[in-house]
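Worksheet: the structure to be examined is printed underneath.
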Amino acid sequence: MDERRLVDVLMRAVGEEAREFVVRPLTPGLRKFAAFAYVAEQFGYSYAGHAPGNAALNNPYFVFQRTSGSREAPASPETFGPTAVPGTLPGMRPGLGLTPTEAARPRVELLYSRMVVDASGRYNPRVLSNVLLLPLVMAVFLFFPGYTRGRVLLAAGIWAVFLCLYLVGLAVSRLRRARHLARLSAALGE
């Protein structure tokens, strides 16, 4: 039901004629959220990236800002009331919620690529510093029960697993970022 909640937030912003609104998708995955961003564009709100906040945290909130020359909304907020027929979102398949039509799919894919590029900033020096700080934390916890060869090897193994996970995540993130940046560059070049 996250789709309904997202649409409700959008309709509230449209009804209030807000300059911007902030939303957090509760379901994982950016594809459905990119479809929501497409619907928001149809109502005059463009995706503006992550909401400003503490740089030390991974920020799950996204900002949508009203475009300066916003179009007239294709439907009124009442269309999405409790008695509305499901699947009436602009650019989405009837009855399937946030599933784009073939005509809207290219724009949704570009929004998805932009969101992936924005999210690829997750692997930054702060995350690496946390992984490198882990042995110090483990050393403190090992101090109380006592250092034994088995406990030190176990702690080193746990740290090695976290380091490997970080490196794999970094590699995957960079590959995805490069692929989606290429898609965005190709779209701008057209």
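What follows draws every value from the coordinates through simple rules; no lab data is involved. Keep in mind the model is a prediction, meaning the values are calculated, not measured. So basically every Cβ, Gly included, is an ideal-geometry build from the backbone, and we count neighbours across all protein chains shown.
So what's the stretch 95-190 giving for Rg/Rh, alpha carbon basis, Kirkwood Rh from the mean inverse pair distance? Radius of gyration relative to Kirkwood radius: 1.26.
Among 108-120, 12-24, sorting by the average number of other beta carbon atoms lying within 10 angstrom of each residue, highest first, gives 108-120, 12-24. Taken as Cα centroids, the stretch 148-184 and the stretch 86-117 sit 32 Å apart, rounded to the nearest whole angstrom.
Compared with the direct C-alpha span, the chain from Arg174 to Ala186 gains 2.5 nm at full extension, assuming 0.36 nm per residue. Extending 7 Å from the Cα toward the beta-carbon at both Leu163 and Gln65 defines two label points whose distance is 4.3 nm. Computed from the C-beta positions of Ala51 and Ala156, the FRET efficiency with R₀ = 41 Å rounds to 0.60.
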